[in-house]
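Student: First, the structure itself, so that you have it in front of you.
Values in this text are rule-based calculations from the coordinates and carry no lab data. The shown structure was predicted, so the numbers you read here are calculated from the model rather than taken from an experiment. Virtual Cβ from ideal backbone geometry, glycine too; neighbours counted across all protein chains shown.
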């Protein structure tokens, strides 16, 4: 779940028109000025020529509903389970990868811990045996798109293509499509949410992550264990940037520290089931 500038190892090349963030903020600033300035400015700052030129999913959330007239009405989204039980979910994004995933599975197997793996479709297609092993050893496989695409930037059809293709592969490798989607970068739009609601898939984010850019492995583990709370979902990565080595090196200490504190490990779907806010 890297920032876009960091994610060159997992993101696809852009193939869609975008406006720069800076120009968008300038336009937003003009609109704000218009609301407090002269009436003529207010009338043109977000006029039709501006609004209808904004076509990306990040800025238009109504397109999917208008275009498809879906019967979907709601979906489940989780940052952390609402529970008093000492449970946490470890989630690993961006894999499978040749450098870390197999060893990580060894570590989890030795510790008798189940986790959730948000796989990138093109990586899963390249290393299918690792996904089969994840499923065979009781871990949950989540959908993390085919190309690690920023779903907030795409219209409905592109979101569907990224996710449906990955689900088809997950179903082929595990026997069923994923019940849960983890959007890359934690970014979403109305188009993506509409797709998830239509397919009945849940969406998981996180409330803690490994701070590999700030600490060494010992510090990363201590930061997670010191801030554990019931129901937490921890974001980790088993592929991608070079600093993932720090996070992977921290996993044994996280497992040991959480167990010593009385925590048990659940999959993401088990967290959804446990969440007291679910009807």
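Every residue, every condition in (1) touching a helix residue (DSSP H, G or I) at 6+ places or on another chain (Cβ under 7 Å); (2) free of Cβ contacts under 8 Å to residues at least 24 places away in the same chain; (3) crowded, with 24+ Cβ neighbours inside 10 Å, yes or no:
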{"residue": "236", "(1), (2), (3)": "yes, no, yes"}
{"residue": "240", "(1), (2), (3)": "no, no, yes"}
{"residue": "243", "(1), (2), (3)": "no, no, no"}
{"residue": "251", "(1), (2), (3)": "yes, no, yes"}
{"residue": "254", "(1), (2), (3)": "yes, no, yes"}
{"residue": "263", "(1), (2), (3)": "no, no, no"}
{"residue": "270", "(1), (2), (3)": "no, no, no"}
{"residue": "273", "(1), (2), (3)": "no, yes, no"}
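Student: Still on this structure, I have one more. I need a count of the residues in region 195-244 that are assigned to a helix (DSSP H, G or I) and more than 23 Å from residue 140 (Cα to Cα). I'd like the intermediate steps shown before the answer.
Tutor: So in region 195-244, the residues assigned to a helix (DSSP H, G or I) come out as 195-199, 217-226, 244.
Pick out the ones that are also more than 23 Å from residue 140 (Cα to Cα) and you get 217-220, 222-223, 226.
The total comes to 7.
Student: How many residues are in contact (Cβ under 8 Å) with a residue 40 or more places away in the chain and buried (at least 23 other Cβ atoms within 10 Å of the Cβ) when one looks only at region 171-192?
Tutor: 6
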